[in-house]
Every structure is written in structure tokens, then in C-alpha cells.
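First comes the structure, then the notes that go with it.
The values are calculated or read from the model by the stated rules, or taken from the named source; none is laboratory data. What you see is a predicted model; the values in this text were computed from it and never measured. All Cβ positions, glycine included, derive from the backbone under ideal geometry; neighbour counts span all protein chains shown.
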Amino acid sequence: MPDGPKIRPSGDSAVLVEFENRIDPEVNRSVRSLALAIESEALPGIKEVLPAYRALMVVYDPLEIKYRPLEKKIYFWIKKAKNIDLPPGRFFRLPTVYGALHGPDLQRVAETTHLSPEKVIQMFSETRFMVYFIGFICGLAYLGGLPESLRVPRLATPRTLVPAGSVGLAGGQANAISTDQPSGFNYIGRTFVNLYTPHLFPPVPFLSGDEIQFIPVAEEEAMKAKGKLAMDFL
Amino acid sequence: MKAFEVSNPGIFTTIQDLGRPGYMKYGTPASGVADSFSAQVANLLVGNPPGAALLEITLFRLELLALNDLIIAVTGGNLSPNLNGKSLPMWQALALREGERVAFRARKEGFRAYLAIQGGFSGREFLGSRSVFVRGLMGNVLQTGEILEIANPVTQSIPFRKILQEMIPIFSNKNILRVILGPQDDRFTQKGMETFLSSAYRVNSQSDRMGYRLEGPTIEHLQGSDIISEPIARGAIQVPGDGLPILLLWDAQVSGGYTKIANVISADLDRVAQVMPGENLRFQSVTLEEAHRALREEKLRLERIHKMVAGENCSGNTDKI
């Protein structure tokens, strides 16, 4: 990287540290290493450290730490992060029923990609998706690693309600939606594993760096996961 | 201990406290009271810690029946609170008798009122907070017939507490919001930036605790509106492809993929809580130093009230209630 990461304010109580502007596992590793370097120091005044694809947000209390000293500290952590070994992610294998009622967009994804529905399922389900970060709402995991030949656009008109556990793709991304919500992704399957537990800590099973595979199973088998936590499928 | 029966839940009434900061990396917004100053003052008036759970009342129609003798305080926007049909004084502690009725009739000023009760409202905790976050399946809005309970019943009387008139915020003076530009201000044309900083934007009726959708002149992008999804700070103003800004607030998503032109400063977010859909907003760019100074002043303002309550000389009146 020629210039190194950029730091800029994001409002008066957060800064954004920007790495290379692309979705890439290596760039994301830099983001996560920096998150770990900052978190391990637990500096007073730092309230939250939020890794994303290629940017990291540090939420701070400006009455406890000023912007300039914080910026200086972050440059120091960026250097330090280069020597950090990230802990290995965990690997979740979630039972998933593909197609028909549970995957309303499978046929269209097959037509768009000129593949058979069986081939789409095979390619999708053999992928070990990486969790880049958790965000949006209700702990949605942003997944990467979708094979290039499964790249399809978002729906022109998003669905107003997609059931929790629906597994889908759009652009180069994939997700398993954590609660019933609107979405413009193409849904090709569904897992019945519980992906959001607002009454528990943590409310979501995944962390950035984890990997997920959506294992094809029969509907009956998939249903057995109803109410179970993702931790049961490590 | 039972506090109230909900005779009419109103438009959108929720239990809130100071929220659940620290869980954004689990995709969970902090939520919590929208007008933090008014809410904390209400709690201090009834002898609670400033962050006790209380009711956040939106617009009007809420009606409550007291099921016990209670001590309450109402602050925030003036939604014409009344007690048994007579005007209920705001910004002071009040004793209610069992069987009395509190109702919010019509909006006079502001948009959200707070009702604190001695002992705080109970309510299920999610991640250490009682703040209701409907979309995150953390609690729900008040329902007709629901019984509201007190979390920590206290039977002790407290001194009569009243906030001095000059310390009560004036909500008519709220429509110019100070902002820090960025983080994607370089993704807009100069004309786009000028449009944003010189125009009045009307708060759309689809606005809620997640965000305020704004209507007005469209803001011109330099090269499209999409970015690789990244975290969103509270008060961020994102501008999607249609050029119309969206101000992201207390229950907003914690990450997103649209350019953000600016961010409302923390000290002005309480005032946003009192802006009603249909009203206009304008934005004024300030420096980080200015924003931080304003935040320090906000903190001092609350500390003064804290001290007055601790010294029990809010009004010079030592009557007990």
C-alpha cells in the first residue's frame, strides 16, 4: 500500500481508519489486526472498535481523549498491528435446505448464470464463506468468497419480507439473513439455525474472521435445527 | 409494585434508558432515550439515577391510570400533559394518587416527552439495557391494558424539586443543526456541498427513531452514491442515489454502503429528538473543536442540575412531597 491507511473524523465522536478500497481477505485481515491491537490496549476514552470490510471505526469520548492524540495513537497501533497474529476463525457448517419454497430465487439465479440449479447449489454449498464483519441490523454477517460465476445483480424491487435464515447472494456477496426483514438479495435456500438471540450475549454467533458453509440437507433434516444455536454446528 | 395501567398507548411510547452502547460490532445499535438531557433531568427530579428507565412519549394520546400513589416528573417536548383533565406542570416532581389519570393531549412544542417515575420503570433487559428497540426484537411499544411496574419501589418522600425556568431547553430554537463534514464529503460536487449547506430540508413523515428522511433540493454526487459498506456513527447524514439525505439516529443500522456527507454533532442530537416530521432542518458546518466544546457545555449543563438536586436547592422550596 503506497500511502498507508487514512484516518478521518466521522462525526465528533468517531474516526474512520481506511485501508485499500476493495473487498479482499488480506485488506480485511489488516482491519481485524488493527482492531485487535486497539482492543488489547483498552485505552480509556475508546468506546467501541468496529471492523468492516476495508475500514475500521473507533468510537471515542472526546471529553476523555482528544482527536489529535487519538489519531497519533492509531498510527502507532497501525504499526503494531503488522506484527499481530490473528486468532483462527471458527468454522460453522449450517444445515441448509435449497430451492423450491425455501429458495424462491434459485431458478432465476440458475438462468442468469447459465448454470443448472444443481450446479448453483453445488458451487454455493461448497464455498467456505468468510465473515468479513457483523453489522447492519440484528447482527447481519457480511459474507465474502462467492465464486465469480455466481455473481448476479440484486433484485430490481426488494422483497418486503424475507424470512429469518434465508440464504442468498447478490453482487459478490452472500448472506444468511438473521431476522425477518426486507431484502434485495436472491434467496436460494434457508437454514433454520437461530442466527439472532437478542436476550443472550453475544446476540449473534459469528465474529469477523469466522467461516460458514451452507451444507445442503433435506427439508426434514434442516427443520431439526429449528431453535438450535449456531454454536451447535461448529 | 404496579405503577400504571395503559388506557391508551399513544402513537409510539416506549421504555428507554441510556441504551446499550458497546454492541455495534454485534450489529446492534445503542438505542436509548432520544433527548438525553430531558430524560436525565426527569429522572433526577424524582430521585432516580439519571439513566433509570422511563417512558419516551411521541406526539400525543398516551393515557395512563395510576395504580398506586406515585412520584413522577414530565420533561421534554410540551405535549400538553394533564392530570385528571387539568394541566400538569412539567420539569418538576409531582405526587400522584392512586386512581388519578395522566394524559398527553396535543403537541404544543417539541416532539418527544419523558415521564420518569420514582424507582424507575421495570422492563425486560436486553444486553444490559431496558431500551426498547422494536426492529431488533428487544421489547415492544406500549399496549392498551398493559400494566407498567416499578423496578425498585421506594416509599421515601423526596423534597419538592423543580427546574429553574432558565435551565429548561427552548425547543423552538432547534432547526439549525451543526455538522462535521465527511467522512465522504469528497464524493460530492462543490455544487452538491453548497446545496446541502444552504438549503432547508423538510423531515418526511416516514421518519422514526431509526432515521429522518429529508426532502428538499437533491445533492449532487461526484461519482455515484455507493461505497463499500462501513460502520455508521450516530447522527450520520447519508445521501443515497436519489440525492436526498437521510439522518441516521438512535435505532439506525450500524453499517451501510451509501456516501455520508456529514454528521450532526453530538451536542445537537437532543434537539433533533424534538424535531417533528413536517418541520424544516438546516445544516451548518463547524470544526471538531467547536463540536467538542459544545459537548462539554452540554455535560456541564447536566452537572449543574445534578448538583442542584444533590444540594436540594432547586427552587429554594423545602416542602416534601
- Item | segment B:206-233, subset within 14 Å of chain A (Cβ to nearest Cβ) and assigned to a strand (DSSP E or B), residue surrounded by the fewest Cβ atoms within 10 Å (Cβ to Cβ) | B:Asp226
- Message: Where the second residue is part of a loop (DSSP other than H, G, I, E, B) and small (Gly, Ala, Ser) and the first is within 11 Å of chain B (Cβ to nearest Cβ) and lies in segment A:166-187, which pairs have Cβ atoms under 7 Å and are six or more apart or on separate chains?
- Response: A:Ser178/A:Gly139; A:Ser178/A:Ala164; A:Thr179/A:Ala164; A:Asp180/A:Ala164
- Query: If we scan segment A:57-72, do we find a residue that is more than 10 Å from every other protein chain (Cβ to nearest Cβ), in a helix (DSSP H, G or I) and farther than 27 Å from B:Gln238 by Cβ?
  - Reply: yes
- Task: Can you work out which of the residues in segment A:166-223 that are assigned to a helix (DSSP H, G or I) and of a type outside the set (Asp, Glu) is farthest from A:Pro147 (Cα to Cα)?
- Result: A:Met223
- Message: Looking only at segment A:1-38, filter to residues that are of a type in the set (Asp, Glu) and either assigned to a loop (DSSP other than H, G, I, E, B) or facing chain B (nearest Cβ under 10 Å) (or both); which one of those is nearest to the chain's Cα centre (by Cα)?
- Response: A:Asp24
- Query: Looking only at residues in segment A:39-55 that are assigned to a loop (DSSP other than H, G, I, E, B), free of Cβ contacts under 8 Å to residues at least 60 places away in the same chain and in contact with a strand residue (DSSP E or B) (Cβ under 7 Å, 6 or more places away or on another chain), which one is surrounded by the most Cβ atoms within 10 Å (Cβ to Cβ)?
  - Reply: A:Arg54
- Query: Residue check: is A:Val152 among the β-branched types (Val, Ile, Thr), over 18 Å from the mean Cα position of the chain (by Cα) and surrounded by 16 or more Cβ atoms within 10 Å (Cβ to Cβ)?
  - Reply: yes
- Before we move on, is A:Pro2 more than 21 Å from A:Leu143 (Cα to Cα) and either at pLDDT 95 or above or in contact with a helix residue (DSSP H, G or I) (Cβ under 6 Å, 6 or more places away or on another chain) (or both)? no
- Would you please name the residue that is modelled with the lowest pLDDT, looking only at residues in segment A:156-165 that are of a type in the set (A, V, I, L, M) and under 19 Å from A:Thr179 (Cβ atoms)? A:Leu161
- A:Ser125 passes all but one of the listed conditions (1) closer than 27 Å to A:Val31 by Cβ; (2) surrounded by 14 or more Cβ atoms within 10 Å (Cβ to Cβ); (3) in contact (Cβ under 8 Å) with a residue 40 or more places away in the chain; (4) within 21 Å of the chain's Cα centre (by Cα); the exception is number (1)
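Within segment B:183-194, is there a residue that is in contact with a Lys or Arg (Cβ under 8 Å, 6 or more places away or on another chain) and either at pLDDT below 95 or more than 25 Å from B:Ile57 (Cβ to Cβ) (or both)? Steps first, answer last, please.
Step one: filter segment B:183-194 for residues in contact with a Lys or Arg (Cβ under 8 Å, 6 or more places away or on another chain), giving B:183-184.
When the remaining residues are screened for being either at pLDDT below 95 or more than 25 Å from B:Ile57 (Cβ to Cβ) (or both), the result is B:183-184.
Yes, there is a match, as at least one residue in segment B:183-194 is in contact with a Lys or Arg (Cβ under 8 Å, 6 or more places away or on another chain) and either at pLDDT below 95 or more than 25 Å from B:Ile57 (Cβ to Cβ) (or both).
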- Message: For segment A:129-139: of the residues being at the interface with another protein chain (Cβ under 7 Å from one of its Cβ atoms) and touching a residue at least 40 places away in the same chain (Cβ under 8 Å), which is nearest to A:Val31 (Cα to Cα)?
- Response: A:Ile134
